[in-house]
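The values are calculated or read from the model by the stated rules, or taken from the named source; none is laboratory data. These numbers come from a predicted model, not from an experiment. Note: ideal-geometry Cβ built from the backbone for every residue, glycine included; neighbour counts use all protein chains shown.
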Amino acid sequence: MKYISTRGGGSPQSFEEVLLTGLAKDGGLFVPEALPEISVAQMESWRGLNYAELALEIIPPFIEDAIPAQELRQIIESSYAAFDHPEVAPLTQLGENEYLLELFHGPTLAFKDFALQVLGRMLDYVLKKRQQRVVILGATSGDTGSAALEGCRHSDYVDIFILHPYQRVSDVQRKQMTTVPGDNVFNLAVEGNFDDCQRIVKAAFADQSFLPTGQQLVAVNSINWARILMQIVYYFYAALKLGAPQKRVSFSVPTGNFGDIYAGYLAKGMGLPVDRLVVATNKNDILHRFISSNEYSVAELSKTYSPSMDILVSSNFERYLFDLFGRDGEALAEFMSRFGSETLSVSAEQWQSVKDCFDSASVDDVTTCEVIAQVFTQYGKLMDPHTAVGLKSARDCRKDGETPMIVLATAHPAKFADAIAAAGLQEPELPPHLRDLFEREERYTVVANDLHEVTGFIEAHLQHH
Ligand SMILES: *Cc1c(COP(=O)(O)O)cnc(C)c1O
């Protein structure tokens, strides 16, 4: 399988090439040339597989010979063995035909572990084969940073630099990043906000001349295709448990960069009988405004109790728009060139096609806390604020009570203690492996909000290797 850019430029690339980069050269994102089609019989034969076994059915067509079968098995099995629940992604029921898919049993307590545990090991395999070193550079508003550090720190072939906005991430999130040991691991606290961090990362990717010859930057945010790929698996896993392929299911997905829900859209495209995909947003509702009223425009950033969804623009939405534009990269490039300066809309036919697949909602902080409290009272279950946004959106969008609705529970509530406290509930305990988090030694460097400070730091610290 080859990968092409959403902006139509360049030649098709292999999985390995796509894994080791970020954006395509023309500024687009990589998508598969075509999706594998999964037959009903094939899906039936997958029922009853454990999580790693199912991943080993779904992933190989996407990576072909980049990683041989035996090594892939090793990578996937060890990745999911690091999870603290035997089912990896357990499904629990709330109301009638209403389920939570718990995606927070990995080492850093958010769904990002599903992809980043594997991504780190894949990089290690591929880089060892090529005898190449790379530099991972990423910006985080919280969960990506710790998951990337945890997934990649064991690699002998990477140096990893993660930028977070100084004093603007939660204490648990900061501690999770800054206490990761390893002399190839660097945390930079930028005196600015998350957008500043992202701007610096983007600029560094655009001009990598500060790196030693032969080195390149690799992205760990969800523009990296491998992250999307690994998230396809749990849509199949959950649906098969609830009766697919004979039965249809719907998903509600707390959405920021549209990476997680895009994986659900791909699962549907591969043949999984998905009825509705609910795009659940907080006050940062660019996607809800587009889906409900065909207006695609940037708004002001709001700080909410669900910070991992506090984004202005959902980078992966471009991957979906590419399909919506009939995979016409030039037309999409033209559309995107006007984005930001004006309010965009798509044709009536295209908008209908959006609505045929997606529902959407926007949930404010007050309601988020009410839902957390209500679910705790009714079911004795403590949800994190992102999951609460997902559940409320699911309930708002639901048209029939028959089709099972699966809400993706994207984080463990202990990561977001302030929202839990605001809901009037007692702060949850961290799981055993993180209980001493606040006693661990922190390492990070505060840097100015300046590209050259960051690239200079990277340059200086690479020289020690
Ligand atoms: C990253 C994250 C999201 C948003 O996922 P996207 O793929 O960016 O849409 C939602 N919830 C939590 C807890 C996250 O960490």
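Here are a few things to note about the model shown:
- Just so you know, in the range 380-407 the residues that are of a type in the set (A, V, I, L, M) and either in contact with a strand residue (DSSP E or B) (Cβ under 6 Å, 6 or more places away or on another chain) or in a loop (DSSP other than H, G, I, E, B) (or both) include one that is nearest to the ligand (Cβ to nearest atom), and it is VAL389.
- Candidates in the range 294-312 are the residues that are surrounded by 18 or more Cβ atoms within 10 Å (Cβ to Cβ) and within 13 Å of the ligand (Cβ to nearest atom); of these, the one that is nearest to ASP359 (Cα to Cα) is MET309.
- Scanning the range 51-89 for residues that are surrounded by fewer than 18 Cβ atoms within 10 Å (Cβ to Cβ) and either within 18 Å of the chain's Cα centre (by Cα) or part of a loop (DSSP other than H, G, I, E, B) (or both) yields PRO68, ALA82, ASP84, HIS85, PRO86, GLU87.
- Within the range 238-260, the residues that satisfy the criterion of being in contact (Cβ under 8 Å) with a residue 60 or more places away in the chain and surrounded by 22 or more Cβ atoms within 10 Å (Cβ to Cβ) are ALA238, ALA239, ALA244, VAL249, SER250, PHE251, SER252, VAL253, PRO254, PHE258, ASP260.
- Taking the range 345-358 as the range and being surrounded by fewer than 16 Cβ atoms within 10 Å (Cβ to Cβ) and either at pLDDT below 95 or not hydroxyl-bearing (Ser, Thr, Tyr) (or both) as the test, the residues that pass are ALA348, GLU349, GLN350, GLN352, LYS355, ASP356.
- The residues of the range 343-392 that are among the aliphatic types (A, V, I, L, M) and under 26 Å from ALA299 (Cα atoms), listed by number, are LEU344, VAL346, ALA348, VAL354, ALA361, VAL363, VAL366, VAL371, ALA388, VAL389, LEU391.
- Counted residues, the range 347-376 - those being more than 27 Å from ILE420 (Cβ to Cβ), hydrophobic (A, V, I, L, M, F, W, C) and not in a strand (DSSP E or B): 4
- For the range 101-122, the tally of residues that are closer than 16 Å to THR410 by Cα, buried (at least 24 other Cβ atoms within 10 Å of the Cβ) and not charged (D, E, K, R) stands at 12.
- Single residue of ASP196, ASP183 found to be of a type in the set (Asp, Glu), closer than 23 Å to SER306 by Cα and either surrounded by 19 or more Cβ atoms within 10 Å (Cβ to Cβ) or modelled with pLDDT under 95 (or both): ASP196
- Among the residues making up the range 229-277, those that are among the hydrophobic types (A, V, I, L, M, F, W, C), within 16 Å of the ligand (Cβ to nearest atom), closer than 25 Å to GLU64 by Cα and in contact with a helix residue (DSSP H, G or I) (Cβ under 8 Å, 6 or more places away or on another chain) are LEU229, MET230, ILE232, VAL233, ALA263, LEU266, ALA267.
- For the range 142-161, filtered to residues that are polar (S, T, N, Q) and within 13 Å of GLN176 (Cβ to Cβ), the residue that is nearest to the chain's Cα centre (by Cα) is THR144.
- Subset of the range 313-336 (residues that are buried (at least 22 other Cβ atoms within 10 Å of the Cβ) and more than 20 Å from GLU349 (Cα to Cα)): SER314, ASN316
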